[in-house]
1. Lys108 versus (1) modelled with pLDDT of 95 or more; (2) in a helix (DSSP H, G or I); (3) crowded, with 16+ Cβ neighbours inside 10 Å: which is the lone unmet condition?
2. Taking the options Ile99, Ile88, name whichever one is open to solvent by less than 20 Å² (accessible area, probe 1.4 Å), touching a Ser or Thr at 6+ places or on another chain (Cβ under 6 Å) and part of a strand (DSSP E or B).
3. Could you tell me which residue of the stretch 119-133 is modelled with the highest pLDDT, considering only residues that are assigned to a helix (DSSP H, G or I) and surrounded by 13 or more Cβ atoms within 10 Å (Cβ to Cβ)?
Amino acid sequence: QIGIATERVNLDWLERDIEEDITRNVCVEPKNYLTSNLDGYVESENMCAEAKHTYESNTLEKVIETNFAQLQHYMMHSDTDSMYISAIFGNRRWEKTVIHRDPEYVKKLIAVLDYFWECVETKTEPSKLGSFKTVEALPVQIPMDSMTKKDMNNHADWKEFTRQLKIN
């Protein structure tokens, strides 16, 4: 419920930061069985915007990982290639980033959604969902702002560079 209560201010901060107008509470036109209610849409950039409120010690990476299927669904259904994630962490900080559509993940997601909808239409209990474990597998690293984290602890040139910085 706190996320619902803070969604407006969350998107206000994002709007101010990106200096673009955000249309709020956008219902994407249903396609077959797909429906989506976007927190926001940035028309000038053709990007969705999702507002989250989480606990203060959480990370933006974990927020994206936890909501990855939802975010990919929104991009797929709204036919956008990227979206803003705007997150408030407790009452301590606010962060935002951009993530992109993952075509391989979306293919797997569609397979699960198609199967599930077929079960709804035929009024049969889903029995094969366990065979769709691949949709649960997230990318090893989810790019944020078109960058991924890299561990440089064992990189010789990086170690030398940081050693020189400490000397100067």
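1. Lys108 satisfies every listed condition except (1).
2. Working: Ile99 fails: touching a Ser or Thr at 6+ places or on another chain (Cβ under 6 Å).
Within the list Ile99, Ile88, the selection yields Ile88.
3. Within the stretch 119-133, the subset assigned to a helix (DSSP H, G or I) is 119-122, 129-133.
Now drop any that are not surrounded by 13 or more Cβ atoms within 10 Å (Cβ to Cβ), which leaves 119, 129, 132.
Details: Cys119: 90, Leu129: 67, Phe132: 62.
Looking at residues that are assigned to a helix (DSSP H, G or I) and surrounded by 13 or more Cβ atoms within 10 Å (Cβ to Cβ), I get Cys119.
The values are calculated or read from the model by the stated rules, or taken from the named source; none is laboratory data. Nothing here was measured: the structure is a model prediction, and the numbers come from that model. No Cβ is skipped: glycine too gets one built from the backbone with ideal geometry, and neighbour counts run over all protein chains shown. With ligands, DNA and RNA removed, areas are computed over all heavy atoms of the protein, side chains included. Shrake-Rupley method; radii C 1.70, N 1.55, O 1.52, S 1.80 Å.
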